[in-house]
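Q: Below is one structure. I have some questions about it.
The values are calculated or read from the model by the stated rules, or taken from the named source; none is laboratory data. On a predicted model such as this, the values are computed, not experimentally measured, just so you know. Cβ placement follows ideal geometry from the backbone for every residue including glycine, while neighbour counts extend to all protein chains displayed.
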Amino acid sequence: MCKIIKKLICIAIISSMLFAGITIWGRGGDKFRWIGEKTGGIVKKGTDRLADEADRLRNKAEAVKEKAKEWTGKKEEQEEKK
């Protein structure tokens, strides 16, 4: 019983990490929407929800990147070079 629970927890952790990776390094929810278009019905609804969540996380990641650039002064350096 403990082995099954341990495997389920590992699968949940790995799938969460994959979701975050696809969201941040991919183009937000576009990858999930593409999967939803190729499949039908119930899967499409699930992928639409995943895509919306991925877009939300991508926007947060972009905001964090901008804040980090602002704090480190890299944004100002890029503007001066232009």
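Q: Return the pairs, sorted by first residue and then second, in which the second residue is of a type in the set (S, T, Y) and at pLDDT below 85, the first residue lies in region 7-30 and is closer than 11 Å to A54 by Cβ, the beta carbons are less than 9 Å apart, and the residues are 6+ apart or on different chains.
A: From residues that are closer than 11 Å to A54 by Cβ, the pairs are G29/T23; G29/T47.
Q: Follow-up question, since we're still on this one. Could you check region 31-54 and list, in sequence order, the residues that are surrounded by 15 or more Cβ atoms within 10 Å (Cβ to Cβ), under 24 Å from K65 (Cα atoms) and either polar (S, T, N, Q) or free of Cβ contacts under 8 Å to residues at least 24 places away in the same chain (or both)?
A: If the condition is that a residue be surrounded by 15 or more Cβ atoms within 10 Å (Cβ to Cβ), under 24 Å from K65 (Cα atoms) and either polar (S, T, N, Q) or free of Cβ contacts under 8 Å to residues at least 24 places away in the same chain (or both), then K31, F32, A51 are the ones that fit.
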